[in-house]
Amino acid sequence: MSYARVAFVAADADPAREALDILTRRYGQQRPEDADVIVALGGDGFMLEAVHNYMQLKAPIFGMHRGTVGFLMNRYEEGDLLDRLQKTTEVILHPLRMVALTADGKTHEAVAMNEVSMLRQTRQAAKIRIFIDGKERMNELSCDGALVSTPAGSSAYNLSVHGPVLPLGANVLALTPISAFRPRRWRGAILPHTAILKFVMLEPEKRPVSAVADRDEVRDVVEVTVREDRSLSMRMLFDPDHNLEERIVAEQFAP
């Protein structure tokens, strides 16, 4: 695969904008729609934004770290970029699709490359009933919330709330509670990627809950369904000596 035509996109921060100027003068600039590859300059937040913005295009995304958190990003280097791109390894990711029903009867859909999370909106703990593939698995989870994570997102928010880090090729999802009060010792579950998860909010008027799919938030949800959407995919490129699979393994041994 030739990556001669490059589209550079950058976060709205000085290091990213400076890199954009340097790289476009050196390698030229294509529209994302016409490019062989999209190079995203920023941090993980911008990388997720770029994934959402360009998911419908055929071009893969190669991220270079010019932001704060750079777990999904390759190191920033200005030289020999075209040759470097030819040596990358490709990872294909599938997002989660969230369908959320709100108290006013409306349905909202969104996709997430990292996770779908449900979060309490007030001082009251959320109470959530959980179904997996139509079978009730938990009658009542009293908590600050719960999330469903992809393997790519398992080292982000999921890891911060003590969820498992998942290898990319494992074909599983992580279901992780956020500050569970009852059952106190429940730490979540690892589920096959084909699982369909449904969350029913108990006492939603007293205990309102919001649902968040990466960057899209829906408030006052009463029911949320989450599943992997194999009809959508995102191609991401990584340097062979520091690819995403290696980062996920290394994260489990970080001090």
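Values for this structure:
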quantity	calculated
Every pair of residues 6+ apart whose Cβ atoms lie under 7 Å, when the first sits in region 184-205 and is small (Gly, Ala, Ser) while the second is loosely packed, with under 15 Cβ neighbours inside 10 Å	Ala195/Asp133
Residues that are hydroxyl-bearing (Ser, Thr, Tyr) and either without any contact (Cβ under 8 Å) to a residue 40 or more places away in the chain or surrounded by 18 or more Cβ atoms within 10 Å (Cβ to Cβ) (or both), drawn from region 3-29	Tyr3, Thr24
Failed criterion for Val69 (all others in (1) assigned to a strand (DSSP E or B); (2) touching an Asp or Glu at 6+ places or on another chain (Cβ under 9 Å) hold)	(1)
Some residue of region 30-44 being part of a helix (DSSP H, G or I) and surrounded by fewer than 15 Cβ atoms within 10 Å (Cβ to Cβ)	yes
Residue within region 75-92 that is within 30 Å of Ala195 (Cβ to Cβ) and part of a loop (DSSP other than H, G, I, E, B) present	no
Pairs where the first residue, in region 74-86, is among the acidic types (Asp, Glu) and the second is modelled with pLDDT under 95 and crowded, with 16+ Cβ neighbours inside 10 Å, C-beta under 7 Å, 6+ apart	none
Of residues in region 63-74 being closer than 14 Å to Ala11 by Cα and either of a type outside the set (Lys, Arg) or within 14 Å of the chain's Cα centre (by Cα) (or both), the one surrounded by the most Cβ atoms within 10 Å (Cβ to Cβ)	Gly63
Entirely in region 167-255, the strands (runs of 3 or more DSSP E) that have 1 or more residues that are within 24 Å of Ala103 (Cβ to Cβ), modelled with pLDDT under 95 and not basic (Lys, Arg)	216-218
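The values are calculated or read from the model by the stated rules, or taken from the named source; none is laboratory data. Computed from a predicted structure; not experimentally measured. A quick note on method: Cβ atoms are made from the backbone with ideal geometry, for glycine too, and the neighbour counts reach across all protein chains shown.
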